[in-house]
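Below is one structure, written out as structure tokens; the observations come after it.
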Amino acid sequence: PGPACQAPFYVGLTALTFALRTPDNKQWAIVGAALGVTLLGHSAPAVLLGLLAFISLGTGTREEWPVRARLQALSLLVITAIGVASPLLISIVGHYGLRIRNPLGLLWTDAGVDIDTWTVSALASASRPDMIFMVLGGALILVRVRTLAREYVLVAAWLGLSALLFAYHAVGVHQMRAGTSAWPLFSPPHHFLFYFRAGLLVAFGLGVDRAS
């Protein structure tokens, strides 16, 4: 289910981009449907897409997008997402109370993103020319984010949230392995690193477009 949920995740991002350009309830309904389908596949991209949607609802001025219209978009987004994901939500919320009964899946960590070896892996990745250009493209967006269109703000949030969620889960898994109390986790950390790298590719393209 993990790889299969990438399609609805990117469909949701595309609809979110169109919704930011021209606020339209139809686009927000598509975002909500894509969010629900993504959640049926995997929680990591669903949480990321949901947070990006909520952040997007706060962009722009009141003149451009009145508060009432934002609330309508939020309601449509949430209702559609809950309706689509209801088969899973009934189980994980109604029966399990959002508790993970078997946390062993969270403990599996790819060797390249283990918190004990991530520094070596990060340095190896940073030395690659393509990674350098992607980071530069992302840095360009982050530096000029206040003067750029909402789509650029969306990509900046994508990168920031992916990095934060990866760090949050990487430290949490390390605590679990050490036998200390860990904060609530819902996904192995490498999933967020995957979407962070995907965001870097988009940032690279936007950075090149902006610089040309």
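The values are calculated or read from the model by the stated rules, or taken from the named source; none is laboratory data. Predicted model, so just to flag it, every value in this text is computed and none were measured. So basically every Cβ, Gly included, is an ideal-geometry build from the backbone, and we count neighbours across all protein chains shown. Please note that ligands, DNA and RNA were not included when accessible areas were found on the heavy atoms of the full protein model with its side chains. Shrake-Rupley method; radii C 1.70, N 1.55, O 1.52, S 1.80 Å.
Numerical summary
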read-out	value
Scan of the stretch 7-56 for residues that are aliphatic (A, V, I, L, M) and open to solvent by 20 Å² or more (accessible area, probe 1.4 Å), ordered by number	Ala7, Val11, Ala29, Ile30, Ala33, Leu35, Val37, Leu39, Leu40, Val47, Leu51, Ile55
Selection within the stretch 12-55 - among the aliphatic types (A, V, I, L, M), touching a Ser or Thr at 6+ places or on another chain (Cβ under 9 Å) and closer than 16 Å to Thr80 by Cα	Leu16, Ala19, Ala29, Ile30, Val31, Ala33, Ala34, Leu35, Ala46, Val47, Leu49
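Table: residues versus (1) surrounded by 10 or more Cβ atoms within 10 Å (Cβ to Cβ); (2) more than 26 Å from Pro184 (Cα to Cα); (3) modelled with pLDDT of 80 or more.
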residue: Arg70; (1), (2), (3): yes, yes, yes
residue: Thr80; (1), (2), (3): yes, yes, yes
residue: Ala85; (1), (2), (3): yes, no, yes
residue: Thr109; (1), (2), (3): yes, no, no
residue: Thr117; (1), (2), (3): yes, no, no
